[in-house]
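Engineer: Before we start, here is the structure in question, set down as structure tokens.
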Amino acid sequence: QWLNDEMCNFTVGTMARRDLERSGGTQPRTHFFNTFFIKKLRDGGNGYDYNAVRRWTTKKKLGYDALACDKVIVPVHQAIHWVLAVIDLKAKRVTFMDSLHGGDHGLGKDLIRWVKDETKNKREIDLDTSDWVVECPKDVPRQLNGHDCGVFMLKFADYIATGCPLTFDQRNMEYFRRR
């Protein structure tokens, strides 16, 4: 069974609350966007639109500064396939975790542009992003069927947010689905 936005957002929300609790309730190490962020940022597929998401990360709304996090987790639904984008604000890198080992389809460039626009909007700083990189590693756990991409995406998010190495594989997916 495929995972839908609702299931993914519930799980990502749980991860976000856990990360905030671990930080003492002030500044989490990781900011988690929901599955609608990238759709809004890309204006429903019509192009990049920072204004559509500009208010998603106000301190008043979040209670913390998203740009002060180490990482930003972005679940991405690509038509019929889930992938995870990880914005590493310290390493100046966007990494796409794809259980089918595909590419980023230009999303990396848009997420780097979001970091630049977010920094300008929230901190009034013109951030130089010319040294930022986009990675699509091929050494991540690989899915061997046509329906577990959502579970892989959520486990990528979970393991990365907690700093764990990606030690799971296809054999673990049924167990993860039941949890």
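Engineer: Please enumerate the residues belonging to region 33-57 that are in a loop (DSSP other than H, G, I, E, B) and in contact (Cβ under 8 Å) with a residue 60 or more places away in the chain.
Structural biologist: Correct list: R42, Y48, V53.
Engineer: Anything in region 89-98 that is buried (at least 17 other Cβ atoms within 10 Å of the Cβ) and either charged (D, E, K, R) or at pLDDT below 95 (or both)? List them, or say none.
Structural biologist: R93, D98
Engineer: Hey, does region 92-101 have a residue that's touching a residue at least 24 places away in the same chain (Cβ under 8 Å), out of contact with any His (no Cβ under 9 Å at 6 or more places or on another chain), closer than 22 Å to L154 by Cα and part of a loop (DSSP other than H, G, I, E, B)?
Structural biologist: Looking through region 92-101, at least one residue is touching a residue at least 24 places away in the same chain (Cβ under 8 Å), out of contact with any His (no Cβ under 9 Å at 6 or more places or on another chain), closer than 22 Å to L154 by Cα and part of a loop (DSSP other than H, G, I, E, B).
Engineer: Could you run through region 52-107 and say how many residues are closer than 17 Å to P141 by Cα and polar (S, T, N, Q)?
Structural biologist: 2
Engineer: Any residue in region 71-84 that is over 18 Å from V151 (Cα atoms) and either assigned to a loop (DSSP other than H, G, I, E, B) or in contact (Cβ under 8 Å) with a residue 40 or more places away in the chain (or both)?
Structural biologist: Yes, region 71-84 has at least one match.
Engineer: If the requirement is being out of contact with any helix residue (DSSP H, G or I) (no Cβ under 9 Å at 6 or more places or on another chain) and farther than 20 Å from P165 by Cα, which of these qualifies: H77, H105, H81?
Structural biologist: H105
Engineer: Scan D128, D110, D104, D117 and give me the residue that is at pLDDT 95 or above and not in a helix (DSSP H, G or I).
Structural biologist: Of the residues listed, the single one that is at pLDDT 95 or above and not in a helix (DSSP H, G or I) is D128.
Engineer: List the number of the failed condition for D19; all other conditions in (1) part of a helix (DSSP H, G or I); (2) free of Cβ contacts under 8 Å to residues at least 60 places away in the same chain; (3) closer than 25 Å to D169 by Cα; (4) not hydroxyl-bearing (S, T, Y) hold.
Structural biologist: D19 satisfies every listed condition except (2).
Engineer: Pull up region 125-161, narrow it to residues that are under 14 Å from the mean Cα position of the chain (by Cα) and free of Cβ contacts under 8 Å to residues at least 24 places away in the same chain, then point me to the one that is farthest from I80 (Cα to Cα).
Structural biologist: It comes out as Y159.
Engineer: Among the residues of region 116-134, is there at least one that is surrounded by fewer than 17 Cβ atoms within 10 Å (Cβ to Cβ), touching a strand residue (DSSP E or B) at 6+ places or on another chain (Cβ under 6 Å) and not hydrophobic (A, V, I, L, M, F, W, C)?
Structural biologist: The answer is no, given that none of the residues of region 116-134 is surrounded by fewer than 17 Cβ atoms within 10 Å (Cβ to Cβ), touching a strand residue (DSSP E or B) at 6+ places or on another chain (Cβ under 6 Å) and not hydrophobic (A, V, I, L, M, F, W, C).
Engineer: Has region 23-31 got at least one residue that is at pLDDT 95 or above and part of a helix (DSSP H, G or I)?
Structural biologist: So far as region 23-31 goes, no, none of its residues is at pLDDT 95 or above and part of a helix (DSSP H, G or I).
Engineer: Would you check which residues across region 111-134 are touching a Lys or Arg at 6+ places or on another chain (Cβ under 8 Å) and of a type in the set (V, I, T) and list them?
Structural biologist: T129, V133, V134
Engineer: Let me ask something additional. If you take the residues in region 153-177 that are outside any loop (DSSP other than H, G, I, E, B) and hydroxyl-bearing (S, T, Y), which one is surrounded by the most Cβ atoms within 10 Å (Cβ to Cβ)?
Structural biologist: Here the residue is Y159.
The values are calculated or read from the model by the stated rules, or taken from the named source; none is laboratory data. In this text, all values refer to a predicted model and were calculated from it rather than measured experimentally. No Cβ is skipped: glycine too gets one built from the backbone with ideal geometry, and neighbour counts run over all protein chains shown.
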